[in-house]
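The structure appears right after this line, and notes come after that.
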């Protein structure tokens, strides 16, 4: 099972990286040439890396606090990918704001956990 999950995670990461590179190289024109919308080309790397990170959680089985933090991060990428597929609207704007807030929470959580572990003051 872990071998299958590992290959799935690697394939999804490969897809995410490849689609990110293609997005940067031609600014979503490549996807349109293949019949994909610019929104889909933007969403694929986010959705793929979010799914990959979820798969890795099943393999690694971190302690519950780390799992919660990792699920928050994975769901943030998935939500961001979903927002990319939406048309511009009040809802997509609000969900985009939720994505930003979730990233802030996740990074703040990581920073506070690091400071707590090291026991060093930032003064």
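Taking region 87-107 as the search range and keeping residues that are in contact (Cβ under 8 Å) with a residue 24 or more places away in the chain and within 21 Å of residue 48 (Cα to Cα), which one is surrounded by the fewest Cβ atoms within 10 Å (Cβ to Cβ)? Walk me through how you get there before you give the answer.
Here is the first cut: in region 87-107, the ones in contact (Cβ under 8 Å) with a residue 24 or more places away in the chain are 102-103, 105-106.
Narrowing the set further to residues that are within 21 Å of residue 48 (Cα to Cα) leaves 102-103, 106.
Values: 102: 17, 103: 15, 106: 17.
Among those that are in contact (Cβ under 8 Å) with a residue 24 or more places away in the chain and within 21 Å of residue 48 (Cα to Cα), it is 103.
Among the residues of region 62-70, are any modelled with pLDDT of 85 or more and either touching a strand residue (DSSP E or B) at 6+ places or on another chain (Cβ under 7 Å) or farther than 29 Å from residue 2 by Cα (or both)?
The answer is no, given that none of the residues of region 62-70 is modelled with pLDDT of 85 or more and either touching a strand residue (DSSP E or B) at 6+ places or on another chain (Cβ under 7 Å) or farther than 29 Å from residue 2 by Cα (or both).
Picking from 79, 112, 51, which residue would you name as being over 18 Å from the mean Cα position of the chain (by Cα) and part of a helix (DSSP H, G or I)?
Values: 79 fails: over 18 Å from the mean Cα position of the chain (by Cα); 51 fails: over 18 Å from the mean Cα position of the chain (by Cα).
Of 79, 112, 51, the one residue that is over 18 Å from the mean Cα position of the chain (by Cα) and part of a helix (DSSP H, G or I) is 112.
The values are calculated or read from the model by the stated rules, or taken from the named source; none is laboratory data. Treat the numbers as computed from the prediction; the structure is a model and nothing was measured. Note that each Cβ is placed from the backbone with ideal geometry, even for glycine, and that neighbours are counted across all protein chains shown.
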